[in-house]
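Asker: Mind having a look at this structure? Questions to follow.
The values are calculated or read from the model by the stated rules, or taken from the named source; none is laboratory data. From a predicted model like this one, the values you see are computed outputs, not experimental measurements. Virtual Cβ from ideal backbone geometry, glycine too; neighbours counted across all protein chains shown.
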Amino acid sequence: MSVQSAIKRKTAPDIRARKHGEPIVMLTSYHAHTAALVDRYCDVILVGDSLGNVMHGFETTVPVTLDMMILQGHAVMRGSQHALVVVDMPFGSYEASKEQAFHSAVRILKETHCGAVKLEGGARMAETIAFLVERGVPVMGHIGLTPQSINTLGSFRAQGREEGSWEPIENDARAVAQAGAFSVVVEAVAEPLARKITETIAIPTIGIGAGKDCSGQVLVLHDMLDIYPGRKARFVKNFMAGSSSIAETVASYVKEVKAGKFPTAEHCF
Ligand code: KIV
């Protein structure tokens with residue numbers, strides 16, 4: 001008896017192959033019901049550790065645990081059928097050593113059945129990314145503004161606003177790509193820098209507050225539906241205005257990303 005499902009989910013290699021293809025569309029989801037809503041529109045569903053802010057009211061993502069990510073990751077897998085589901089590795093679950101990262105990633109893959117993990121950090125995490133990829137764990141990188149480092153950064157400030165500060169961020173992008181990540185989130189980075197990175201590295205870039213020239217875009221679902229009460233980041237657009245349902249809202253986000261109409265200059269640094 002075949003154990004293959006009739007429905008084929010997108011895989012990390014499918015997303016990697018989109019470097020020069022149609023823009024990649026990604027949204028967050030933390031539950032089965034929102035996963036079912038976005039699944040028919042998105043290439044990738046991110047179970048982001050932003051669930052700490054959105055679902056639990058934490059001020060930062062630092063308190064989020066591996067168990068929380070696994071619980072919500074499993075729910076998202078149950079609610080979706082088509083999109084690649086990527087689960088964030090939370091603060092403290094991967095930084096101590098490559099081995100710690102591997103054990104945490106294995107728990108995420110085995111207990112949620114998701115297709116990939118995401119972790120924050122560029123050059124400093126390159127060895128860990130290579131270790132995971134060599135052992136069968138697809139990794140999405142995350143560079144630029146890395147919210148898990150808020151206590152050392154001091155504020156959620158956009159990165160690379162002056163050209164003189166670009167080099168470390170470019171090095172991060174190169175390091176993550178060379179380590180074998182299949183794509184990389186570029187968060188709150190000046191638009192010309194994100195463009196340069198996208199043109200230079202071999203893997204797709206997925207921007208959030210990084211301009212329209214990335215290979216794809218991601219937003220936190222609750223931000224674009226305008227149902228998260230906190231202060232809005234500059235790069236957030238309320239897509240709910242003018243839509244009569246959540247499905248219509250998600251569809252208009254996808255349409256604007258694919259047409260290169262979102263983000264515009266007002267959402268960029
Ligand atoms: O946790 C999250 O939702 C994220 C996105 C903002 C990229 O990492």
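Asker: So which residues in region 80-123 are assigned to a helix (DSSP H, G or I) and in contact with a Ser or Thr (Cβ under 8 Å, 6 or more places away or on another chain), if there are any at all?
Answerer: Here is the first cut: in region 80-123, the residues assigned to a helix (DSSP H, G or I) are 98-112, 123.
Once the filter is applied, which keeps residues that are assigned to a helix (DSSP H, G or I) and in contact with a Ser or Thr (Cβ under 8 Å, 6 or more places away or on another chain), region 80-123 yields Lys98, Gln100, Ala101, Ser104.
Asker: Would you mind finding the one in Phe182, Phe131 that is in contact with a helix residue (DSSP H, G or I) (Cβ under 7 Å, 6 or more places away or on another chain) and within 14 Å of Ile201 (Cβ to Cβ)?
Answerer: Unique residue meeting the criteria: Phe182.
Asker: Checking Pro168 against (1) loosely packed, with under 15 Cβ neighbours inside 10 Å; (2) at pLDDT 95 or above; (3) within 16 Å of the ligand (Cβ to nearest atom), which single condition isn't satisfied?
Answerer: Pro168 satisfies all of (1) loosely packed, with under 15 Cβ neighbours inside 10 Å; (2) at pLDDT 95 or above; (3) within 16 Å of the ligand (Cβ to nearest atom) except (3).
Asker: To continue, here is another question. I'd like the residue in region 191-203 that is under 18 Å from the mean Cα position of the chain (by Cα) and away from the ligand (no atom under 14 Å from the Cβ) and, out of all such residues, is farthest from Ala175 (Cα to Cα). Let's see the steps before the verdict.
Answerer: First, pick out the residues of region 191-203 that are under 18 Å from the mean Cα position of the chain (by Cα): 191, 194-195, 197-198, 201-203.
Still in the list and also away from the ligand (no atom under 14 Å from the Cβ): 191, 195, 197-198, 201-203.
On the way: Glu191: 20, Arg195: 17, Ile197: 12, Thr198: 14, Ile201: 9, Ala202: 11, Ile203: 11 Å.
So, considering only residues that are under 18 Å from the mean Cα position of the chain (by Cα) and away from the ligand (no atom under 14 Å from the Cβ), the one farthest from Ala175 (Cα to Cα) is Glu191.
Asker: Step by step: first the residues of region 235-257, then only those that are among the polar types (S, T, N, Q) and in a loop (DSSP other than H, G, I, E, B), then the one that is nearest to the ligand (Cβ to nearest atom). Which residue is that? I'd like the intermediate steps shown before the answer.
Answerer: Step one: of region 235-257, the residues among the polar types (S, T, N, Q) are 238, 243-245, 249, 252.
When the remaining residues are screened for being in a loop (DSSP other than H, G, I, E, B), the result is 238, 243-245.
Numbers: Asn238: 16, Ser243: 21, Ser244: 26, Ser245: 23 Å.
Here the residue is Asn238.
Asker: Let me ask something else. Residue under question is Glu187, and the condition is that it be at pLDDT 90 or above and buried (at least 21 other Cβ atoms within 10 Å of the Cβ); does it hold?
Answerer: yes
Asker: Any idea which residue in region 26-37 is surrounded by the fewest Cβ atoms within 10 Å (Cβ to Cβ), counting only those that are more than 13 Å from the ligand (Cβ to nearest atom) and within 19 Å of Tyr253 (Cα to Cα)?
Answerer: My answer is His33.
Asker: Can you tell me which of (1) part of a loop (DSSP other than H, G, I, E, B); (2) within 16 Å of the chain's Cα centre (by Cα) is the one Lys232 doesn't meet?
Answerer: (2)
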